[in-house]
Amino acid sequence: MNGLQRAGAAIVGAAESHLGHVAEGLNPIDLMAQGIHRALDDCGLSLRDVDGLLCATTQSRTSGLSLSEYLGISPAFVDTTILGGSSFMFHVAHAVAAIQLGMCRVAVIAYGSTQRSVGRRQASVREINPFETPYRPFLPSSAYALAASRHMHQYGTKREQMAAVAVAAREWALMNPVAWEKKPLTIPEVLSARMVSYPFTVRDICLVTDGGGAIVMTAPDHARSLKKAPVYVLGCGQAITHANISSMPDLTVTGALASGRQAYAMAGLGPDDIDVLELYDAFTINTILFLEDLGFCPKGEGGRFVENGRIAPGGSLPVNTNGGGLSYCHPGMYGLFLLIEAVRQLRQECGPRQVPCETALAHGNGGVLSSQATVILGTEATV
Amino acid sequence: MEQSPLAVYQAHLDKGELAYQYSPQAGKAVFYPRVICSYTGSANLEWRVSAGLGTVYATTVTHPAQGDPYNIVLIDMDEGFRLMSRVEDMPPEAVRIGMRVRFRVHRPGGDEPPYPVFVPEEVSF
């Protein structure tokens, strides 16, 4: 029980800012503002309607202040929860609560990052940890590599199976005009790419791009009067299991198990009812872990599950239809883009990569498998 | 509090010891050292010194842009706590999950405090 009402709020607008490598001098707040402008245009609302502001970026200590000043608004409800890439799934739950309680009527959730332009070191300053830093882990890659090593050891998961996740993402990306990657990718190419942290080559690891975006949320009665069909928040769940990889209880089981259960319970749905999946694929092992923990295959079977194009275009389970963090874009905290793609799929706006769907699951991951948050979305037919 | 948990831990390392905390209420080892027990919320934590034996729980070899690849591991100590470390005295890619290892203190010198590393444990027959 999380106190949230099923379909108590809807997403009515969704948009990316410029992605990839943005113009020199643009900052994360510029990209948030651009995303908000586009997302408001998407639903026919204006900044004057916005009284709830939720945002997160690693490049501004008090982004709620910076963004309010920039937009010239004084929002009644503000939330700048930052828990890594899943922050925006947490924001969705908070926005549902705020709308349900009357703390705001129209909430925007925004993200912006210029990590490609300014460099990862500057975009996301590493904290010193006396129990990890001396060993020079290349974070976050080494942490996820440790999790992959454990999955390989316990379940016989193979590098080729992880590579299949990257290849599926690339096939989807080739149908997304704004995806960063434009060329096909094969399993041998993934395996023979530059090794970063075994078992991961650079092709097992998400992109480093700039980018941002926003979504707009409001109450169902208001949502039905706007430009496009509302996308309802049917379920939300969240779990924090640790901050540092050395404190993760079991490297083969993520908090997605708990966050998924909560979201399914709230939605009154199960894995079999989900038509399209958007999973936070910062690394190829993530997709495998989340497919298991969210109930799409038994624990340990994720590697075999993704073989033979099952999650690729034309496969039986569409996963990461925008091309994912692996091939579409990854500005550091990728969660918002999963929500944007889920909304577009449910509105049937995805052109060649469109899949038949009435329900979508967007699952966010933050830190080093540390924070997990699941959002289940559905069309009017599912309410 | 006269000394921070980190200072106590590092003082043990100075003496060549790997120290950890023990929660009598939980009956469990606690690591990294802290002020409040993460199992019980109690401030009652005892210091103990590890016998130094553990098992590799997870391993990766990181390939820096410059310089040689190196190993990063998580070690499950026999006393029931886990820590990040490195296994030395063997090629980094030869480290295997399940391998028995023994603690050794590494003293980097300069301003850097000593920290624990591990070496393969000789198996006796």
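The values are calculated or read from the model by the stated rules, or taken from the named source; none is laboratory data. If you're wondering where the values come from, they're calculated on a predicted model, not measured in any experiment. For neighbour counting, all protein chains shown are included, and Cβ atoms are generated from backbone atoms with ideal geometry for every residue, glycine included.
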| note | In segment B:1-18, anything part of a helix (DSSP H, G or I), closer than 14 Å to B:TRP47 by Cα and either touching a residue at least 12 places away in the same chain (Cβ under 8 Å) or among the basic types (Lys, Arg) (or both) is listed as B:PRO5, B:LEU6, B:VAL8, B:TYR9, B:GLN10, B:HIS12, B:LEU13
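With a cut-off of at least 3 residues that are more than 19 Å from the chain's Cα centre (by Cα), away from every other protein chain (no Cβ under 14 Å) and not aromatic (Phe, Trp, Tyr), name the helices (runs of 4 or more DSSP H) lying wholly within segment A:118-173.
Fully inside segment A:118-173 and qualifying: A:159-173.
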| task | Go through segment B:62-80 and give me each residue that's within 12 Å of chain A (Cβ to nearest Cβ) and surrounded by fewer than 21 Cβ atoms within 10 Å (Cβ to Cβ). | result | B:HIS63, B:PRO64, B:ALA65, B:GLY67, B:ASP68, B:PRO69, B:TYR70, B:ASP76
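Pick out the one residue from A:LEU101, A:LEU65, A:LEU19 that is at pLDDT 95 or above and buried (at least 19 other Cβ atoms within 10 Å of the Cβ). Spell out how you get there, then give the answer.
Numbers: A:LEU101 fails: buried (at least 19 other Cβ atoms within 10 Å of the Cβ); A:LEU65 fails: buried (at least 19 other Cβ atoms within 10 Å of the Cβ).
Unique residue meeting the criteria: A:LEU19.
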| field | Yes/no for B:GLY27 being out of contact with any Cys (no Cβ under 8 Å at 6 or more places or on another chain), more than 13 Å from chain A (Cβ to nearest Cβ) and either without any contact (Cβ under 8 Å) to a residue 12 or more places away in the chain or under 19 Å from A:MET248 (Cα atoms) (or both) | value | yes
| query | In this structure, is B:PHE118 surrounded by 20 or more Cβ atoms within 10 Å (Cβ to Cβ) and either modelled with pLDDT under 95 or part of a strand (DSSP E or B) (or both)? | reply | yes
| query | Does B:GLU88 satisfy the condition of being charged (D, E, K, R), surrounded by 14 or more Cβ atoms within 10 Å (Cβ to Cβ) and either without any contact (Cβ under 8 Å) to a residue 60 or more places away in the chain or touching a Cys at 6+ places or on another chain (Cβ under 8 Å) (or both)? | reply | yes
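A quick yes/no check of all residues on (1) outside the structural domain of A:VAL216 (by TED's automatic domain parsing); (2) out of contact with any strand residue (DSSP E or B) (no Cβ under 9 Å at 6 or more places or on another chain); (3) farther than 15 Å from A:ALA256 by Cα; (4) surrounded by fewer than 24 Cβ atoms within 10 Å (Cβ to Cβ):
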{"site": "A:TYR280", "(1), (2), (3), (4)": "yes, no, no, no"}
{"site": "A:ILE285", "(1), (2), (3), (4)": "yes, no, no, no"}
{"site": "A:GLU301", "(1), (2), (3), (4)": "yes, yes, yes, yes"}
{"site": "A:VAL306", "(1), (2), (3), (4)": "yes, no, yes, no"}
{"site": "A:THR321", "(1), (2), (3), (4)": "yes, no, yes, no"}
{"site": "A:VAL368", "(1), (2), (3), (4)": "yes, yes, no, no"}
